[in-house]
1. Pairs only if they're at least six apart or on different chains, beta carbon under 8 angstrom, first in region 75-103 and closer than 14 Å to Leu205 by Cβ and without any contact (Cβ under 8 Å) to a residue 60 or more places away in the chain, second assigned to a strand (DSSP E or B) and not small (Gly, Ala, Ser); list them, first residue then second.
2. At least 2 residues that are modelled with pLDDT of 95 or more and surrounded by 18 or more Cβ atoms within 10 Å (Cβ to Cβ) in each: list the strands (runs of 3 or more DSSP E) lying fully within region 145-220 that qualify.
3. Here is a list: Gly36, Gly43, Gly58, Gly81. Which entry is touching a Leu at 6+ places or on another chain (Cβ under 8 Å), of a type in the set (Gly, Ala, Ser) and at pLDDT below 95?
4. Pro138 - would you say it is at pLDDT below 95, within 26 Å of Thr74 (Cβ to Cβ) and under 16 Å from the mean Cα position of the chain (by Cα)?
5. Pick from Ser105, Ser86: which is buried (at least 16 other Cβ atoms within 10 Å of the Cβ), in contact with a Ser or Thr (Cβ under 9 Å, 6 or more places away or on another chain) and not aliphatic (A, V, I, L, M)?
6. Can you find even one residue in region 63-74 that is among the hydroxyl-bearing types (Ser, Thr, Tyr) and under 23 Å from Phe209 (Cβ atoms)?
7. Quick check, is Trp132 surrounded by fewer than 16 Cβ atoms within 10 Å (Cβ to Cβ) and among the aromatic types (Phe, Trp, Tyr)?
8. Mind listing just one residue for me: the one in region 113-126 that is in contact with a strand residue (DSSP E or B) (Cβ under 7 Å, 6 or more places away or on another chain) and assigned to a loop (DSSP other than H, G, I, E, B) and, of those, farthest from Ile175 (Cα to Cα)?
Amino acid sequence: MIIAPTSEAELLSRARSLVGLSLGGVANALFIANPGAPAQAKGWIGELMERALGADAGSRPEPDFTRIGVELKTIPITANGKPNESTYVCVAPAVVSPEQTWETSVVFRKLQRVLWVPVEAEGEIVQRRIGWPFLWTPNALESATLRADWEEIIELIATGRREALSARLGTYLQIRPKAANSRSRTQAANAAGVPEATLPRGFYLRATFTEMVLAAGMLD
């Protein structure tokens, strides 16, 4: 078991020591089985990097590296260096407490400091190589936009207007279904306050946003 890093410098050094290595090579070195099917690959890549770098949050709603407050995000990129999909942040709440604010939200905690690790998005999973990682903190404009997106979405959840929730909402942050299949349901109140079954959802960063983050990070 790899011990959690105690500083950002240590984490970044570990991540950059993996640059150019294949996912399969890293998995073999850690005695981690390769994914059994393509559908399992995305979760497997994230878990592999967590193990390789010493993430210690587990399933808790905290940044992956709890000692230093850094979240880990792997980002699949195409041959031309662009993200090919949105990036999952965390589960969206089915119920919002009156005390909930942007600063106390899981989204806020997850995105205050992020280690981005690009990974090739094409080819056999185990042969894909790890790219140049970098640390990122949202600037003032990014923070304000993320907050506005979150508040717009959370207001709809808090008032039970889930029929208005759509992936079209949000400039940088969006909400999308997050479930194993279309039959999955969770309990939440509708606009009238009546409990009803609804599809679980999650917060995601748009690929257009992570493309900008990636472009800036490559200059690091």
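1. Pairs found: Pro76/Pro83; Pro76/Pro118; Pro76/Val119; Pro76/Glu120.
2. On the way: elements: 173-177, 186-189, 195-198, 201-205.
Hits in region 145-220: 173-177, 201-205.
3. On the way: Gly36 fails: touching a Leu at 6+ places or on another chain (Cβ under 8 Å); Gly43 fails: touching a Leu at 6+ places or on another chain (Cβ under 8 Å); Gly58 fails: touching a Leu at 6+ places or on another chain (Cβ under 8 Å).
Among Gly36, Gly43, Gly58, Gly81, only Gly81 is touching a Leu at 6+ places or on another chain (Cβ under 8 Å), of a type in the set (Gly, Ala, Ser) and at pLDDT below 95.
4. Values: at pLDDT below 95: no; within 26 Å of Thr74 (Cβ to Cβ): yes; under 16 Å from the mean Cα position of the chain (by Cα): yes.
Spelling it out, it is not the case that Pro138 is at pLDDT below 95, within 26 Å of Thr74 (Cβ to Cβ) and under 16 Å from the mean Cα position of the chain (by Cα).
5. On the way: Ser105 fails: in contact with a Ser or Thr (Cβ under 9 Å, 6 or more places away or on another chain).
The conditions single out Ser86.
6. Just the residues of region 63-74 that are among the hydroxyl-bearing types (Ser, Thr, Tyr), to begin with: 66, 74.
If we keep only those that are under 23 Å from Phe209 (Cβ atoms) as well, we get 74.
Looking through region 63-74, at least one residue is among the hydroxyl-bearing types (Ser, Thr, Tyr) and under 23 Å from Phe209 (Cβ atoms).
7. Details: surrounded by fewer than 16 Cβ atoms within 10 Å (Cβ to Cβ): yes; among the aromatic types (Phe, Trp, Tyr): yes.
Yes: the conditions hold for Trp132.
8. First, the residues of region 113-126 that are in contact with a strand residue (DSSP E or B) (Cβ under 7 Å, 6 or more places away or on another chain): 113-121, 126.
Checking which are assigned to a loop (DSSP other than H, G, I, E, B) leaves us with 113, 121.
Numbers: Arg113: 21, Ala121: 23 Å.
Out of the qualifying residues, it is Ala121.
The values are calculated or read from the model by the stated rules, or taken from the named source; none is laboratory data. Not measured: the values here are computed from a predicted model. No Cβ is skipped: glycine too gets one built from the backbone with ideal geometry, and neighbour counts run over all protein chains shown.
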